[in-house]
Amino acid sequence: MYFEPTNRHLLVLPLETAKEEKPVIILPEDYKRPQSAYVSCDVLGMAADCKLKVQVGDTVVVERRMVQEIKAGGETNYLVLENYVYGRLQDE
């Protein structure tokens, strides 16, 4: 099932780059390292009224707290409003 974004939203897939490191000190089991305020995401779809110059397949940088997790139809989808896209990553 495809979730079609509307109202200036982008359907994205957050790219988490978790590094497995051995701790040098003992930490509580539920401890999590502080995360960056920003996350890179692959663009999976866009609302028809988006004005951003990005395409499906591009990688964008967005504000992490503005990524909305939507569970519908047995799937988890991630949406972000186009205003919270800071830029597009390009290979040189």
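The values are calculated or read from the model by the stated rules, or taken from the named source; none is laboratory data. Remember, predicted model here, so these are calculated numbers, not experimental data. FYI the Cβ positions are ideal-geometry reconstructions off the backbone, even for glycines, and counts take in every protein chain you see.
Candidates are the residues of the stretch 58-90 that are out of contact with any strand residue (DSSP E or B) (no Cβ under 9 Å at 6 or more places or on another chain) and in a strand (DSSP E or B); the one that is farthest from Asp42 (Cα to Cα) is Ala72. Of the residues making up the stretch 2-17, just one is within 10 Å of the chain's Cα centre (by Cα) and over 20 Å from Ala37 (Cβ atoms), namely Leu11. Scanning the stretch 24-48 for residues that are in contact (Cβ under 8 Å) with a residue 40 or more places away in the chain, touching a helix residue (DSSP H, G or I) at 6+ places or on another chain (Cβ under 9 Å) and either loosely packed, with under 10 Cβ neighbours inside 10 Å or assigned to a loop (DSSP other than H, G, I, E, B) (or both) yields a total of 1.
Does Leu81 fit the bill of being modelled with pLDDT of 95 or more, more than 22 Å from Met1 (Cβ to Cβ), surrounded by 11 or more Cβ atoms within 10 Å (Cβ to Cβ) and in contact with a helix residue (DSSP H, G or I) (Cβ under 8 Å, 6 or more places away or on another chain)? Yes; evaluated as a whole, the condition is true for this residue.
Please state which of the following conditions Pro23 fails to meet, knowing it meets all the rest: (1) farther than 22 Å from Asp91 by Cα; (2) at pLDDT 90 or above; (3) not hydrophobic (A, V, I, L, M, F, W, C). For Pro23, the exception is condition (2).
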